[in-house]
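First comes the structure, then the notes that go with it.
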Amino acid sequence: MADGTTDQGPVTMLATPISLDFEFTPGVAQSKFLRGLERGEFLGQRCGTCGQVYVPSRGTCPTDGVATTEDVVLGNSGTVTTYCVVNVPFAGQAIEIPYICAQILLDGANLSFMGLLQEIPTDQIRMGMRVEAVWVDEAELIPSLASVKYFRPNGEPDADYDTYKEYL
Amino acid sequence: MAESEVLHAEHRLEYPYARSTGPIIGAFLTALREGRFVGATGSEGKVIVPPTEYDPLTGDDVGELVEVGPGGVIDSWAWVSHPLRKHPLQVPFAWALVRLDGADTAMLHAVAAPGPEALATGARVTAKFCPEAERVGSMADLESFVLEGGAA
Ligand SMILES: [Zn+2]
């Protein structure tokens, strides 16, 4: 905005944001997952052919090409399979650096997903660490991963490498 | 699952780019913020508006900046019946190539008019700038052109 002064100096920079607006629908399977988040639980789906449990489920098994119709409520805890400590600031960053992004394999799932890890110094994070989801207050639960504030260590001993080596 | 249970949401993907203007386009935008137009003098004395940094025919640096407008002539135009959210006007308008007085090239901008029947190639228009306090040094500082004589 012009600041009303008579001498603002010559224009040297121009803001040129580009944006695309989408009407996004997650479809039937992921809508179920998101409705689960609204209830404070992680909902996956099991393949009737190979038995793998996907979370979030896309509604089909990528291995067998069949619809996944069995809903499975997964544990609130999981295992860190791998992680990244973010030290680099970037535009639009919402979390204070340094912070940890971890791939988390929820108990009962055969697919890990990315979560924010807090309540632990960044130099103490390790593969195999057992963690649990911390949710927003019940009144604030919405059908979005924003309902999960973050994950934190749950105090259990580290998981055996063999239990997650297939998921790296 | 009933179809009504399937979620949907608005989603915007946005990149907040900023770019440096350089001295020539910067001068053009500075002039817009002041509610006036400048063009660059190119080869054979032709005046280029909006100014380029290099002469499009010879590739030489352009010469001095000269004041042009604020009136001009419509070289060609197209009527927009249904403006989009990012268009400069939210009522039906015309995109037009306007050759400002003193310029040898035309620049693209919106022309406000009551309807396509009010427009013609060769029609005289003049600039309507945003209020001074709202100008930031961008093409949007020029709200639109309007028909001379106040038809719009
Ligand atoms: Zn399968």
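Rule-based calculations on the coordinates, nothing more; no lab input. Just so you know, these numbers come straight off a predicted model, no measurement behind them. A quick note on method: Cβ atoms are made from the backbone with ideal geometry, for glycine too, and the neighbour counts reach across all protein chains shown.
Residue by residue through B:20-26, how many Cβ atoms from other chains fall within 10 Å of the Cβ on average?
3
Remark: the range A:28-167 projects, on average over all directions, an area of 9.2 nm² (convex hull of Cα atoms). Return the FRET efficiency for the residue pair A:Cys101, B:Gln90: r is the Cβ-Cβ distance, R0 is 45 Å, and the value is rounded to the nearest 0.05. So, using R0 = 45 Å, E works out to roughly 0.60. Can you pull out the trypsin sites (Lys or Arg not before Pro) in the range B:55-103 that DSSP calls coil and that have at most 10 other Cβ atoms within 10 Å? Answer in residue order: B:Arg85, B:Lys86.
Comparing A:Pro143, A:Pro17, A:Pro62 in a Gaussian network model of chain A, where Cα atoms under 10 Å apart are tied by springs, the biggest mean-square fluctuation is seen for A:Pro17. Of the GluC sites (Glu not before Pro) in the range A:78-162, the ones in a loop by DSSP (not H, G, I, E or B) with at most 12 other beta carbons within 10 Å are A:Glu96, A:Glu119.
Dipole of the range A:1-82 computed with +1 at Lys/Arg Cβ and -1 at Asp/Glu Cβ about the Cα centre; of A:Gly59, A:Val72, A:Ser31, farthest Cα towards the positive end is A:Val72. Using a Cα-Cα cut-off of under 23 Å, which lysines could be cross-linked to A:Lys32, ignoring same-chain neighbours fewer than 8 residues away? Within the straight-line cut-off, A:Lys32 pairs with A:Lys149. Here, the range B:27-152 has an Rg and a Dmax of 14.7, 43 Å when only alpha carbons are counted. Every Cα-Cα pair in the protein assembly as shown was counted, and those over 36 Å apart are 48% of them. Ordering of A:20-28, A:102-110, A:148-156 by packing is A:102-110, A:148-156, A:20-28, highest average first (other Cβ atoms within 10 Å, averaged per residue).
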